[in-house]
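What follows is a single structure, written as structure tokens, with notes after it.
Derivation of every value follows stated rules applied to the coordinates shown; laboratory data play no part. What you are looking at is a predicted structure, and each value in this text was computed from that prediction instead of being measured. Positions of Cβ are generated from backbone atoms using ideal geometry, with glycine treated the same way; all protein chains shown enter the neighbour counts.
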Amino acid sequence: MLTKDLVRFSLKGKAVQPDFIDPANEALRHLAENLLEVFRQSVGKSRSQLEEESKLIADGGQASGILARGLEKLLFDRVDFETGTDEDLMAWRHRVFLQTSARLSQACYPTVDAFRKAVAEEQEASADEISTRLYSDLPENQPVVRFRSFSAERLLHRYNVALVQWLLLHTHALTVVVPYQDTKAWRQFFRHLRFHQLLANIKKKRGGLIEVTVDGPMSLFQQTKKYGLSLASFFPAVLHFPEWTMRAEVHLRQRKPKSLTLDHHMGLRPYSNHFSAHIPEEVRLFQSLFDEQSSGWTLAPAEDFVALPGDAYGFPDFTFTHASASEKTLALELFHGWHEGPLRHRLQQLESDSSYVESPPLLLGVDRKLTKDEALKAALEASPYFQRWGFLFRDMPSPKPLLKLLNAVEEIDR
């Protein structure tokens, strides 16, 4: 992503507007292609070499310095450097320092070159080779091991998206309105939401529209940076819808809140065809443990909405299906340490109708970090719904409390 000094935007009254570039501009495409060529040939070169070569291209282009350095920064984000600790190198360097220190204390040398020659003979290597190896693990000397290339056009689209992402780090909430899509499209969208550990309020609007509101980082006092990064990283998933509208309120330092409004007409495009969220290892482990301990229920990632009171909807984390002939299903929604607002809202929804306590639409898992807030802890203890259909977990739920709740559901149906 871009850093603050590389972001370009305009303030117009109560609105903020990113200074988007035209990806079809020939001069910008030429600059992007020249930068890409440097990075494509970077494998094996040191970080400092790559920085020098890319700086020459960025400084020599016709685009503004901020724009050129922004493109350069986005390309560096796609570079993998050799950063592993070389214990053999560290041990060798330690020996060289001890040996050279002892040599200096035992003899005098007329010149520095004479001393370097003596050390080289002792190490059976040239002085230049020793100098190069001594600090080969410093960041500027780290070699490039991989560059994930793409086209010049996609680099320019990536830049436009990065401008939006930086602004989203400073929002209270992100609201997206999309015409109703098929189940597969929503499943992909919400898997990305869950992958970035975000929650959303979902409502159906007139005209077949779905409104999804995601709480943003400025509404939190803790873990703001982590949540903000998650929200910004999630934004590209919106661009895979053919039609969409997004609005947010941006809080820039020492300025009144500014509104950010974007839609599919602005030419923002995904910079990657990859639109499948990786399943974290802890989630795989949870699924595996549940399958081992469960005798009548199967667990799978959620694939559809769950209807909630007040014409609202939720998109849970998992769905449980019973092996009986009725194939009863039940959903599970997890609330992590930064989901205080969404949890309070969900409790209010589920308690607005007492019938939900007797026939639960979903189970609630709450991270124990949230109970550090005394008011929220009291709300959970006073909630009839949570006391019957909720449980606490640490980082990731275990199968035992879930199976207890699922067995309680079976008792109701008997």
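Only lysines eight or more places from residue 45 in sequence, or on another chain, were considered; those with a Cα closer than 21 Å are 55, 73.
Neighbour counting of Cβ atoms within 10 Å sorts the residues 246, 396, fewest neighbours leading, into 396, 246.
Please list, or write none, the lysines whose alpha carbon is within less than 23 Å of the alpha carbon of residue 258, excluding same-chain residues fewer than 8 places away. Cross-link targets: 4, 12, 14, 225, 226.
Working from Cα pairs under 8 Å separated by at least six residues, relative contact order for the range 19-83 is 34 percent. Given C-alpha coordinates of the chain, what is the ratio Rg to Rh with the Kirkwood estimate of Rh? Using only Cα positions, Rg/Rh for the chain is 1.10.
The label point for residue 101 and the one for residue 113, both projected 7 Å from the Cα toward the Cβ, are 2.9 nm apart. Listed by Cβ neighbour count within 10 Å, with the fewest neighbours leading, 184, 369 appear as 184, 369. Identify all lysines with a Cα-Cα distance to residue 400 below 27 Å; exclude those on the same chain that are fewer than 8 residues away in sequence. Candidates past the 8-residue exclusion: 328, 369, 372, 377.
Just the Cα atoms of the range 281-413, one point each, no solvent: what log10 I(q)/I(0) does Debye give at q = 0.09, 0.13, 0.15, 0.22 Å⁻¹? Computed log10 I(q)/I(0) values: -0.24, -0.52, -0.71, -1.55. Rounded to the nearest 20, the Cβ-based charge dipole of the chain about its Cα centre (Lys and Arg +1, Asp and Glu -1) stands at 1240 debye. Kirkwood analysis of the range 87-136, using all unique Cα-Cα pairs, places the hydrodynamic radius at 11.3 Å.
This model, with +1 at the C-beta of Lys and Arg and -1 at the C-beta of Asp and Glu, gives the range 273-414 a dipole about its Cα centre of some 380 debye.
Restricting to bridges with both residues inside the chain, how much of the DSSP beta-bridge set is antiparallel, in percent to the nearest 5? Of all bridge pairs located within the chain, approximately 80 percent are antiparallel.
Distance between Cα centroids, the range 133-196 to the range 344-414: provide it in whole Å. Answer, in whole Å: 34.
As a length-normalised measure over Cα pairs under 8 Å and 6 or more apart, the relative contact order of the chain settles at 14 percent.
Ranked for footprinting exposure by Cβ neighbours inside 10 Å, fewest first, 145, 7 give 145, 7. Of the residues 270, 286, 324, the one whose Cα sits farthest toward the positive end of the charge dipole of the range 247-372, with +1 on the Cβ of Lys and Arg and -1 on the Cβ of Asp and Glu, is 270.
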